[in-house]
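Below is one structure, written out as structure tokens, with a few remarks after it.
The values are calculated or read from the model by the stated rules, or taken from the named source; none is laboratory data. From a predicted model like this one, the values you see are computed outputs, not experimental measurements. Backbone-built Cβ (ideal geometry, glycine too); neighbour counts: all protein chains shown. SASA here: full protein model, heavy atoms, side chains in, ligands and nucleic acids out. Shrake-Rupley method; radii C 1.70, N 1.55, O 1.52, S 1.80 Å.
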Amino acid sequence: MKKIVFLDEYSMSGCDLSRIKALGNYVGYEKTYTTEEVVERCQDAEIIISNKVLVTREAIERLPKLELICVAATGVNNIDLEAAKERGIPVKNAVGYSTHAVAETTLGAVLALYRKVGYYDHFVKSGRYAQSDVPFHFGFPTHQLYGKRWGVIGMGNIGREVARLASAFGCEVAYTSTSGAVREEAYPALPLDELLAWADIVTIHCPLNDRTRGLIGREQIACMNSSALLVNVARGGIVDEAALVEALDADRLGGAAIDVYEKEPMVAGSPLLSIKKSEKLLLSPHNAWSPVEAIEVLIGCIAENIRTTYE
């Protein structure tokens, strides 16, 4: 039987891994931090599973039995793909498992920002509503989604689902492609700067690569409407975090929701934690992808990737 090592089991949130365990001699580690740990734990393994643990060139070159790397995610930027290719080791990711999860998170974030859900929830729970002499409170204006212009950056599986949901809520949708690929889509394509200037809402759904690193910086944020919302559920490093906070605090941007960060976990000194107008910023710990239902699909994808490699 092939030895299977899962380097960061915690990322499966305690879900049942029996479909993977049945495929070989399985060993799971809650967390793995360093290349030395990867090499030590996978020395006699044919199959590695990693969600976010780095599998570096050094590790790949020091694992003589390695035959397959399974990424427990869609993005593969934690794997040295060139080193794996040189060894003839396939790298298989999980495509499409989180499409609905991330799209729903995107829509929920936009609605939460427009309705100032965090502020009004705190207003009631703090007891201030109970102390009021009127039945309504308008601490911040709220907005409806219907009729807004929604710009999608990256029209892949997730971007396309977000566009579908936005359309169902009565939004006008346009997109920009970060890959340069020309495809027939149901929505008009615009250059990035034009999309940013046009949209009331901009949501990011592209991979992190040389074309997209730093894609949304000060110059691009300056193109956006001062009331616009920006949502990044793709990868950290696409949005300049310091520039985003500056724009929010200066009222040059209406609001933002961030699920991914330049460094993960977020560093203690992140500019996102020093924002003055916190009601304009919604933060989550890179969990847009992680409903239980999506993780169950992900586990099935990993098992299928292992099974099909050895059929």
Q) Which residue, of Thr142, Thr178, is under 21 Å from the mean Cα position of the chain (by Cα) and of a type outside the set (A, V, I, L, M, F, W, C)? A) Thr178
Q | Scan of segment 279-311 for residues that are of a type in the set (A, V, I, L, M, F, W, C) and within 18 Å of Val110 (Cβ to Cβ), ordered by number | A | Leu281, Leu282, Leu283, Ala288, Trp289
Q: List the number of the failed condition for Asp121; all other conditions in (1) assigned to a loop (DSSP other than H, G, I, E, B); (2) surrounded by fewer than 15 Cβ atoms within 10 Å (Cβ to Cβ) hold.
A: (1)
Q: Check off (1) touching an Asp or Glu at 6+ places or on another chain (Cβ under 8 Å); (2) open to solvent by 80 Å² or more (accessible area, probe 1.4 Å); (3) within 18 Å of Ser98 (Cβ to Cβ); (4) not acidic (Asp, Glu) for Arg19 and give me the number that stays unchecked.
A: (1)
Q: Might you check whether a residue that is free of Cβ contacts under 8 Å to residues at least 40 places away in the same chain, under 30 Å from Ile48 (Cβ atoms), surrounded by fewer than 22 Cβ atoms within 10 Å (Cβ to Cβ) and not acidic (Asp, Glu) occurs anywhere in segment 237-249?
A: yes
Q: Keeping to segment 145-159, report how many residues are in contact with an Asp or Glu (Cβ under 9 Å, 6 or more places away or on another chain), farther than 13 Å from Ala197 by Cα and buried (at least 20 other Cβ atoms within 10 Å of the Cβ).
A: 2
Q) Quick check: is even one residue across segment 209-231 under 27 Å from Ser274 (Cα atoms), small (Gly, Ala, Ser) and crowded, with 16+ Cβ neighbours inside 10 Å? A) yes
Q.
Just the residues that are surrounded by fewer than 16 Cβ atoms within 10 Å (Cβ to Cβ) and farther than 22 Å from Ile238 by Cβ, please, taken from segment 170-181.
A. Gly170
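Please tell me if Ile299 is crowded, with 17+ Cβ neighbours inside 10 Å and more than 19 Å from the chain's Cα centre (by Cα).
Details: crowded, with 17+ Cβ neighbours inside 10 Å: yes; more than 19 Å from the chain's Cα centre (by Cα): no.
Taking the combined requirement at face value, the residue does not satisfy it.
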Q. Of the numbered conditions (1) buried (at least 16 other Cβ atoms within 10 Å of the Cβ); (2) part of a helix (DSSP H, G or I), Asp193 satisfies every one except a single condition; which is it?
A. (1)
Q) Filtering segment 44-62 down to residues that are of a type outside the set (A, V, I, L, M) and in contact with a Leu (Cβ under 7 Å, 6 or more places away or on another chain), which residue is nearest to Asn78 (Cα to Cα)? A) Ser50
